[in-house]
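Down below is the structure, laid out as structure tokens.
Each reported figure results from applying straightforward, stated rules to the coordinates on display, with no laboratory input. Computed from a prediction, not measured in an experiment: that's the story for all the values here. Don't worry about glycine lacking a Cβ; one is built from the backbone with ideal geometry, like all the others, and counts go over all protein chains shown.
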């Protein structure tokens, strides 16, 4: 009976959305959620909240440890159990790391790379996903299999040829050497293909073609609006991935070590002695913009993930 009631509730929300719009449907859904009922028709118990609290604590512990080390007043308390107790030097240490990292230059480079790669990945992945999901052409399944198969190749195997190509193209030490190889990726194509297969009915495409829209115009007018939830998720995940990227920039940027935040934070490590209060202050500075981004766009990220997980 519980599952049947849940299905009836879902159908009721969909009916409200069709009849009165999304605003009324959202209000009805919030009213139902306010009663404390999960999507499976069960009330969340103490065990659920305990498990969630434990998971949150596990994921928050490394961040807390980094902030705690960054706040130490002395290098003598940056190790072991003593480092778990926050000190009072966080702002002072972050200011020192800020200057040592050339923060604004590194922030500008990281934003430049992350934005261009994220926008490019979303556009090309949506275009390819639309083609694989809704267009009919010879070899479609073979090509999609090859694209997905490239996801199994470790990044380390492509480092040597990429390094040689970047050198011959005169891009060594340039941010474009980081951007160009990441303009599109197989995961983005696979994700958008899977999403558009269910989210975009053929009837809408056929209606647009009957109205005289070209293939690319149909993609812009019909495919892009349908792909927005998944595209938003892909944009944020790609942005975060590029923000925290270290391996390839470390190899290709050479002496330009302050070009991105991850490399700038790595320069805080000393040759003979490492002041981890300074290093962790750099880590906090590098992570802080991402935390702000997730705070602002976290709801859209979760809704995009859920939209991609629900079929039909």
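Sorting 281, 255, 118 from the fewest to the most surrounding beta carbons within 10 angstrom yields 255, 118, 281. Computed packing ranks the peptides 67-73, 174-180, 158-164 as 67-73, 174-180, 158-164, most packed first, by mean other Cβ atoms within 10 Å. When you count the other C-beta atoms within 10 angstrom of each residue and take the mean per peptide, 209-218, 94-103 line up highest first as 94-103, 209-218.
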